[in-house]
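Read-outs: derived from the displayed coordinates by stated rules, not from any lab. Everything numeric here is computed off the predicted structure, so don't read it as measured data. For neighbour counting, all protein chains shown are included, and Cβ atoms are generated from backbone atoms with ideal geometry for every residue, glycine included.
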Amino acid sequence: MNLNKHLIYLLFIGFAFTACNDASKNKSEETTKETAQDSTKLSEEALLDTVQKQTLKYFWDFAEPNSGMARERYHPNGDYPNNDPDIVTTGGSGFGLMAIVAGIERGFIPREEAVQRLDKIATFLEKTPKYHGAFPHWINGRTAGTQEFGSDSKDNGGDIVETSFLAQGFIVVRQYLQDGNEEEKAVAAKFDKLWQNIEWDWYTNNKNGIFWHWSPNYEFQKNFMIEGYNECLITYVMAASSPDHAIKPAVYHDGWARSGNITTDKKAYGIPLILKFNTVGDKAGPLFWAHYSYLGLNPKGLSDRYANYWDLNVNHSKINYEYAQENPNNYKTYSENSWGLTASYTKNEDGSVGYAAHSPDDDHGVVSPTAAVSSIPYTPEESLRAIRYFYEDQNDLLWGPAGFYDAFSLDGGDWVAERYLAIDQGPMMVMIENYRSGLIWDLFMSAPEVQQGLEKLEFTR
């Protein structure tokens, strides 16, 4: 999500969780902890298997039971404010759809049961209110009703960015199941219909740009046009790819690309930024910007008139790593094996849990494992070292029932946010799979309408 929306997260999550201090960790015997081997290090294959399998539990074992969708967050200790376990997230569930497909292929979950779960999710989404085909950011998993996003009463309708993350998953599932048995074909058809009914062109508000929100109560009052560069490239790609509700190319070039002003010649640590990162300084943005759009969209060899997107993401990841090595604030948490700044839970000054869009320009001395782990296609050596460090050296601190906890710090004593967020767990599972096999990239890129949409926007591969 964009940094502007993170301000809402800061208010909502920070207020709800200030009283909850995770500085002292009391692990339950029921958390299915899988400890690292004492005498023999795991092979790379075994390590990645272990991380993927445990991370998948977020979407498989700990999903919201009525809908089958991904909860916005999972707190193993059950400490939820405001009936939070009922809230499911649309974007995070899109990541979860892709994670489930990877889990089927890896043999982590039975195919037949997984297809039933996917059918349950599709059936639930058929029932939920939609806003010109788009989904809200949050849905109440128990009632299927729209849940206002945080304390922002005007964010109670369609969220086209979260919808694009969800629809990315629709296409992956459809491509994966469309040639299967009759039950699988039926599930694929459900997701295909949900995808085709999204009115992407409506969200232009008849202008050359896509607007993030529309509400039946407030219409386009939030007036937030999505401009690059941030995590929203996939929104424009999906909008251009729609069979019946596609945007015109000018919406992408004039809106997202700012009539060409999206590019930059700036460098950090001698590494070109290539594009201007929104609302941040000269050392690129939080790493989720290199992940969310590229879970399905394969950046390898992908170029348009503004960037080579593989180079963009490799450079972004390397800049983030180099910042941790520079470590201008001398945090103990950072090292050659411990790095990665992105949006996640964070450590407040009083030791309680808050939320921040960590980046070189918003540095709290907090590492979010998803940042380095999900960057593994771009920085394999640096990411593999981090994964091994997180799992083997910091296992007691970081490893829990759904994989690595969301964030940690070693400054002022060992601290961890013993919690999980869907938007952080999903990219780890999916990007590890893309690094290992390219499965999710291959499925998404095989969709004919995606190929046509990229061609329409003058992308080359």
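Going by the alpha-carbon gyration tensor, a ≥ b ≥ c the square roots of its eigenvalues, is the stretch 190-231 rounded (a/c under 1.5) or, if a/c is not under 1.5, prolate (a/b greater than b/c) versus oblate? All intermediate terms of the calculation are to be shown ahead of the outcome.
Values: a/c = 2.11, a/b = 1.38, b/c = 1.53.
Verdict is oblate for the stretch 190-231.
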Response to the item:
In order over the stretch 451-461: 3J(HN,Hα) from phi, Karplus 6.51/-1.76/1.60, θ = phi - 60°, whole Hz, x for each Gly or Pro, gives 4, 5, x, 4, 5, 4, 8, 6, 7, 10, 9
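Quick one: putting +1 on the C-beta of Lys and Arg, -1 on the C-beta of Asp and Glu, what dipole do you get for the chain around its Cα centre, in Debye to the nearest 20?
760
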Worksheet entry | Listed residues GLN175, ASN197, LEU410: farthest to the positive end of the dipole of the chain (Cβ charges) | ASN197
Fill in: Potential lengthening between PHE220 and LYS127 on full extension [0.36 nm per residue; Cα-Cα distance subtracted]
31.1 nm
Worksheet entry | Mean Cα-pair separation over length for the stretch 297-434, i.e. relative contact order, pairs under 8 Å, 6 or more apart, % | 22
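For the stretch 309-433, what is the charge dipole size about the Cα centre, in debye to the nearest 20, if Lys and Arg each add +1 at the Cβ and Asp and Glu each add -1 at the Cβ? Kindly include the intermediate steps, with their values, before the conclusion.
Working: 6 positive and 20 negative charges, 42 e Å.
In debye, rounded to 20, the stretch 309-433 gives about 200.
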Worksheet item: Of VAL314, VAL367, VAL251, how do they rank once you tally other Cβ atoms within 10 Å and put the fewest first?
Response: VAL314, VAL251, VAL367
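Just subtract the alpha-carbon distance of ASP350 and ASP254 from 0.36 nm times their residue separation and send over the number in nm, one decimal.
The span from ASP350 to ASP254 would gain 30.1 nm if fully extended.
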Worksheet item: What nm distance separates the two modelled labels at ASP393 and GLU458, each placed 7 Å from Cα along Cα→Cβ?
Response: 4.7
Item to complete: For the stretch 396-424 and the stretch 87-138, write down the distance between their C-alpha centroids in whole Å.
Response: 25
Worksheet entry | FRET E, pair ASP411, GLU105, Förster distance 25 Å, beta-carbon r, rounded to 0.05 | 0.05
Worksheet item: Taking the simple approach of a point 7 Å from Cα along Cα-to-Cβ for both ASN206 and LYS41, what is their distance in nm?
Response: 6.3
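Would you mind working out the magnitude of the charge dipole of the stretch 154-225 relative to its Cα centre, with +1 at each Lys and Arg C-beta and -1 at each Asp and Glu C-beta, to the nearest 20 Debye?
On the way: 7 positive and 11 negative charges, 50 e Å.
For the stretch 154-225, the charge dipole is close to 240 debye.
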Fill in: ³J(HN,Hα), Karplus 6.51/-1.76/1.60, whole Hz, each residue of the stretch 436-443, x for Gly, Pro
7, 10, x, 4, 5, 4, 5, 5
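Quick check on packing: order 296-305, 265-274 by the mean number of other C-beta atoms within 10 Å, highest mean leading.
Details: 296-305: 18.7, 265-274: 15.7.
Highest to lowest by the protection proxy: 296-305, 265-274.
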Practice prompt. Would you please give the FRET efficiency between LYS332 and GLU381, computed as 1/(1 + (r/R0)^6) with r the Cβ-Cβ distance and R0 = 22 Å, to the nearest 0.05?
Written response: 0.45
Item to complete: Calculate how large, on average over all directions, the projected area of the Cα convex hull of the stretch 317-461 is; give the answer in nm² to one decimal.
Response: 9.9
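Rounded to the nearest 0.05, what FRET efficiency do SER151 and THR264 have when you use their Cβ-Cβ distance and R0 = 35 Å? Walk me through the numbers before you get to the answer.
Numbers: r = 35 Å, r/R0 = 0.99.
Calculated transfer efficiency: 0.50.
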Practice prompt. Express in whole angstrom the spacing between the alpha-carbon centres of the stretch 226-284 and the stretch 296-331.
Written response: 14
Worksheet, complete the sentence: Under the rule rounded for a/c under 1.5, else prolate if a/b exceeds b/c, else oblate, using alpha carbon gyration tensor axes a ≥ b ≥ c, the stretch 48-192 is classed as oblate
Worksheet item: Dipole of the chain (Lys/Arg Cβ +1, Asp/Glu Cβ -1, origin at the Cα centre): which of VAL251, TYR218, TYR355 lies farthest to the positive side?
Response: VAL251
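For the stretch 169-290, what does the convex hull of the Cα positions come to per residue, in cubic angstrom?
Values: hull volume 17.0 nm³, N = 122.
With only Cα atoms used, the stretch 169-290 gives 140 Å³ per residue.
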Item to complete: Sort LEU421, LEU42, LEU457 so that the residue with the fewest other Cβ atoms within 10 Å of its own Cβ comes first and the one with the most comes last.
Response: LEU42, LEU457, LEU421
Worksheet, complete the sentence: Going residue by residue through the stretch 242-259, the Karplus relation 6.51 cos²θ - 1.76 cosθ + 1.60 with θ = phi - 60° gives ³J(HN,Hα) values, rounded to whole Hz and with x marking Gly or Pro, of 4, x, 10, 9, 6, 7, 7, x, 4, 4, 6, 6, 7, x, 4, 8, 6, 6
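Could you give the C-alpha radius of gyration of the stretch 308-382 expressed as a fraction of 2.2 N^0.38 Å, taking N as the number of residues it contains?
The reported ratio for this selection is 1.09.
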Item to complete: For a footprinting-style exposure proxy, rank TYR252, TYR323, TYR294 by other Cβ within 10 Å, fewest first.
Response: TYR323, TYR252, TYR294
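Evaluated at 25 °C with a viscosity of 0.890 mPa s, what Stokes-Einstein diffusion coefficient in µm²/s does the chain have when Rh comes from the Kirkwood expression over alpha-carbon pairs? If you can, show how the numbers build up before the last one.
Working: Rh = 21.9 Å.
Diffusion coefficient, whole number: 112 µm²/s.
What percent does the relative contact order of the chain come to when contacts are Cα pairs within less than 8 Å and at least six residues apart?
On the way: 924 pairs, mean separation 92.5, N = 461.
That works out to 20 percent.
Going through the cross-link list LYS130/LYS456; LYS120/LYS318; LYS190/LYS248; LYS57/LYS248; LYS248/LYS276; LYS53/LYS190, which pairs have a Cα-Cα distance over 29 Å in this structure?
Numbers: LYS130/LYS456 27 Å; LYS120/LYS318 40 Å; LYS190/LYS248 27 Å; LYS57/LYS248 40 Å; LYS248/LYS276 23 Å; LYS53/LYS190 27 Å.
From the list (LYS130/LYS456; LYS120/LYS318; LYS190/LYS248; LYS57/LYS248; LYS248/LYS276; LYS53/LYS190), the Cα-Cα distance tops 29 Å for LYS120/LYS318; LYS57/LYS248.
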Discussion item. Just to be sure I follow the definition: excluding the sites themselves, where is the longest run in the chain that has none of the GluC sites (Glu not before Pro) in a DSSP loop with at most 13 other Cβ atoms within 10 Å?
Written reply: 31-335
Worksheet item: What is the sum of charges around GLU458, taking Lys and Arg as +1, Asp and Glu as -1, for the other residues whose C-beta is under 13 Å from the C-beta of GLU458?
Response: +2
Worksheet entry | Value in Å of the Kirkwood radius, where the stretch 250-308 supplies the Cα pairs that are averaged | 12.7
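When the gyration tensor of the stretch 106-158 is built from Cα positions, what are the square roots of 5 times its three eigenvalues, in whole Å, from largest to smallest? Numbers along the way, then the final one.
Numbers: eigenvalues 157, 28, 17 Å².
Sorted largest first and rounded, they come to 28, 12, 9 Å.
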